[in-house]
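The values are calculated or read from the model by the stated rules, or taken from the named source; none is laboratory data. Just so it is clear, the model here is predicted, and its values are computed rather than measured. We place every Cβ from the backbone using ideal geometry, glycine too, and count neighbours over all the protein chains shown.
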Ligand code: CP
Ligand code: NVA
């Protein structure tokens with residue numbers, strides 16, 4: 001059976017912890033400049049229907065470091081853009097490469113693609129989940145503070161794809177997620193419900209942040225929601241992660257953001273650029289965590 005990585009629920013908690021540990025090791029190997037071409041001769045296809053800086057660069061650099069090769073395929077330049085069915089594209093490309101990384105809108109499209117692929121398909125973000133981000137975020141927490149099990153994390157802002165992956169992470173890594181969103185912008189109740197006690201909505205950003213070990217946010221208008229930007233900006237008033245909110249957290253609380261960030265909107269400059277912010281480590285760890293994932297799926 002081909003293993004895909006469409007959400008964090010495609011791995012067991014044990015496998016996820018192993019991936020995080022391996023990411024830490026691969027980071028050290030790279031720092032020592034030791035060759036690690038464990039996937040020599042492998043090739044990776046990247047199909048991105050949305051913009052990307054971190055995900056694209058980290059996958060392309062990562063596979064190169066592992067001795068493989070990547071192909072960035074803009075949908076408009078594929079026959080996909082002229083109406084060739086997604087499933088046919090999956091059947092064809094998966095006979096030629098070793099893994100396929102996809103960033104698209106509907107999660108169902110990704111699942112349909114994966115169902116016809118002979119090789120592992122990796123979710124590089126859909127409107128529903130962003131699991132690769134969470135591998136890097138878990139690695140970052142472990143590096144700064146140790147095990148996240150038993151900790152309390154505050155999600156403040158939009159109940160979006162990244163939030164929904166944090167909900168899955170809470171289940172899989174054993175921490176508690178408190179979610180503060182404006183009314184009508186909460187995560188999918190089904191995803192939330194499946195997490196049981198691991199994740200729960202709270203009434204205010206203050207309630208989420210009080211005593212939290214980590215505060216996380218993301219843009220208020222995700223890719224595809226550009227036309228809702230103003231409406232959302234009004235609805236999200238009071239949800240900016242600022243210094244006052246960080247004051248009520250645990251004394252050693254960290255701040256995370258998957259980036260790209262909008263300073264003065266979902267996060268204040270003095271928080272994202274301040275001493276508790278680990279956003280640059282999170283971004284770098286995309287490289288190491290995804291290399292661990294590629295090794296796991298391909299080696
Ligand atoms: N965090 C993240 O996925 O960034 P990109 O959109 O730049 O890939
Ligand atoms: N929620 C954001 C994440 C970007 C990495 C989006 O989907 O645009």
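Residue-by-condition table, conditions (1) away from ligand 1 (no atom under 14 Å from the Cβ); (2) closer than 18 Å to residue 298 by Cα; (3) over 18 Å from the mean Cα position of the chain (by Cα); (4) in a helix (DSSP H, G or I):
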{"residue": "97", "(1), (2), (3), (4)": "yes, yes, yes, no"}
{"residue": "101", "(1), (2), (3), (4)": "no, yes, no, no"}
{"residue": "105", "(1), (2), (3), (4)": "no, no, no, no"}
{"residue": "108", "(1), (2), (3), (4)": "yes, no, no, yes"}
{"residue": "112", "(1), (2), (3), (4)": "yes, no, yes, yes"}
{"residue": "118", "(1), (2), (3), (4)": "yes, yes, yes, no"}
{"residue": "122", "(1), (2), (3), (4)": "no, yes, no, no"}
{"residue": "126", "(1), (2), (3), (4)": "no, no, no, no"}
{"residue": "138", "(1), (2), (3), (4)": "yes, no, no, yes"}
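Can you tell me which residue is farthest from residue 138 (Cα to Cα) among those in segment 209-225 that are in contact (Cβ under 8 Å) with a residue 40 or more places away in the chain, surrounded by fewer than 20 Cβ atoms within 10 Å (Cβ to Cβ) and within 12 Å of ligand 2 (Cβ to nearest atom)? Checking each candidate, the answer is 224. Condition check: away from ligand 2 (no atom under 16 Å from the Cβ) and in a strand (DSSP E or B). Does residue 178 satisfy that? In short, yes. Counting just the residues of segment 67-90 that are over 18 Å from residue 121 (Cα atoms) and out of contact with any helix residue (DSSP H, G or I) (no Cβ under 6 Å at 6 or more places or on another chain), which one comes out surrounded by the most Cβ atoms within 10 Å (Cβ to Cβ)? Per the criteria, the residue is 67.
What are the residues in segment 244-262 that are under 25 Å from residue 130 (Cα atoms) and either part of a loop (DSSP other than H, G, I, E, B) or within 16 Å of ligand 1 (Cβ to nearest atom) (or both), if any? Matches in segment 244-262: 253, 255, 256, 257, 258, 259, 260, 261, 262. Please specify each residue of segment 58-117 satisfying the condition of being within 23 Å of residue 133 (Cβ to Cβ) and modelled with pLDDT under 95. Correct list: 74, 75. Taking residues in segment 41-60 that are within 17 Å of residue 287 (Cβ to Cβ) and within 13 Å of ligand 2 (Cβ to nearest atom), and partners anywhere that are at pLDDT 95 or above and assigned to a loop (DSSP other than H, G, I, E, B), the pairs with Cβ atoms closer than 6 Å and at least 6 places apart or on different chains are 55/124. Residues that are part of a helix (DSSP H, G or I), more than 26 Å from residue 276 (Cβ to Cβ) and either in contact with a strand residue (DSSP E or B) (Cβ under 8 Å, 6 or more places away or on another chain) or within 16 Å of ligand 1 (Cβ to nearest atom) (or both) within segment 189-243 comprise 192, 197, 226, listed in sequence order. For segment 39-54, the set of residues classified as more than 16 Å from ligand 1 (Cβ to nearest atom) and either surrounded by fewer than 20 Cβ atoms within 10 Å (Cβ to Cβ) or more than 25 Å from residue 107 (Cβ to Cβ) (or both) consists of 39, 40, 41, 42, 43, listed by residue number.
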